[in-house]
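A short worksheet on the structure shown next.
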Amino acid sequence: MPSTTLVCLPADTPPADAASAVAARLAAVELAATSLVRHFRASTRWRRSALLLPQHGTAAGGPLCRLELDAMRADAHRFYWHRWQLWQSAVKGTPTARPFWMFVDRHRANPGRYDLERARADYLAQPRLAAMRVFNALPHRPFGLPTSHLEALQLGADAYSHLGWLSAVPGQSLLCPDGALLGSGGDRLDVRLSFLEQANGCLTLLDAKDVLVAAVTEPWRRP
């Protein structure tokens with residue numbers, strides 16, 4: 001499935017060469033860039049030539065000092081906090097639910113006696129999941145409650161808001177300057193947190209003039 005991958009490029013990479021540099025770096029880890037994506041907030045009123053695909057306060061990349069990463073993180077923190085408040089109201093009175101991966105693990109341990117269809121049914125039968133699905137079916141809801149966020153939502157408002165801050169920039173994967181590819185590994189929270197910890201750590205080590213580019217990627221297909 002296509003996903004958003006951030007690619008770190010050297011500070012001296014000309015904007016005109018960024019797309020080809022991204023493609024070459026991704027090919028080395030067997031990923032193909034299908035397009036660049038306006039993933040970042042950025043000031044597009046001046047020095048637009050330093051940015052990739054600048055449009056209406058967004059860009060697909062550019063020097064780190066031109067990308068408004070702190071604003072992206074603050075917005076995500078605020079949005080996650082509001083979503084948690086709405087979630088708390090929607091699931092009030094329901095017991096804590098188990099995430100889907102626990103049911104999948106049970107299926108994998110004994111697929112003959114516990115098939116995947118039953119695992120899905122047992123997961124969705126939990127009252128808290130049902131409450132979230134009822135809310136998501138409402139036509140005039142302000143925004144949805146992702147069932148894949150169940151584990152994180154159950155951590156509480158502060159932890160979930162901090163997760164929003166951590167998730168705002170990295171995308172689904174990050175190609176570091178040393179060629180290491182960090183991936184989010186799906187919806188399991190412990191795996192996701194490990195990725196976010198490593199990815200944000202990598203981003204903090206970048207120089208202000210280093211170039212960061214967001215691309216839509218998919219597994220590279222050999223001819």
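The values are calculated or read from the model by the stated rules, or taken from the named source; none is laboratory data. In this text, all values refer to a predicted model and were calculated from it rather than measured experimentally. No Cβ is skipped: glycine too gets one built from the backbone with ideal geometry, and neighbour counts run over all protein chains shown. Keep in mind that these areas ignore ligands, DNA and RNA; they rest on the heavy atoms of the full protein, side chains included. Shrake-Rupley method; radii C 1.70, N 1.55, O 1.52, S 1.80 Å.
Since Leu145 meets every condition but one in (1) part of a helix (DSSP H, G or I); (2) open to solvent by less than 40 Å² (accessible area, probe 1.4 Å); (3) in contact (Cβ under 8 Å) with a residue 60 or more places away in the chain, which condition does it not meet?
It is condition (1) that Leu145 fails.
Filter region 2-57 down to residues that are among the charged types (D, E, K, R) and under 23 Å from the mean Cα position of the chain (by Cα) and give me whichever is farthest from Gly186 (Cα to Cα).
Among those residues, the one meeting the criterion is Arg41.
Looking at (1) open to solvent by 20 Å² or more (accessible area, probe 1.4 Å); (2) modelled with pLDDT of 95 or more; (3) assigned to a helix (DSSP H, G or I), which one does Val191 not meet, given that it meets all the others?
(2)
Can you tell me which residue among Thr34, Thr94 is in contact (Cβ under 8 Å) with a residue 24 or more places away in the chain, closer than 30 Å to Ala131 by Cβ, surrounded by fewer than 16 Cβ atoms within 10 Å (Cβ to Cβ) and among the polar types (S, T, N, Q)?
Thr94
Considering only region 28-39, I want to know if a residue exists there that is in a helix (DSSP H, G or I) and over 25 Å from Ser167 (Cβ atoms).
no
Restricting the search to region 154-169, which residues are open to solvent by less than 50 Å² (accessible area, probe 1.4 Å) and over 26 Å from Leu6 (Cα atoms)?
Residues satisfying the conditions are Gly156, Ala157.
Give me the pairs, please: first residue somewhere in region 67-89 and over 23 Å from Trp46 (Cα atoms), second residue anywhere and not in a helix (DSSP H, G or I), beta-carbon distance under 6 Å, and either six or more positions apart or on two chains.
Here the result reads Ala76/Ala168; Trp87/Leu145, each pair linking region 67-89 to a residue that is not in a helix (DSSP H, G or I).
Go through Leu175, Leu206, Leu150, Leu196 for me and flag whichever is farther than 22 Å from His39 by Cβ, of a type in the set (A, V, I, L, M, F, W, C), touching a helix residue (DSSP H, G or I) at 6+ places or on another chain (Cβ under 8 Å) and modelled with pLDDT of 95 or more.
Leu150
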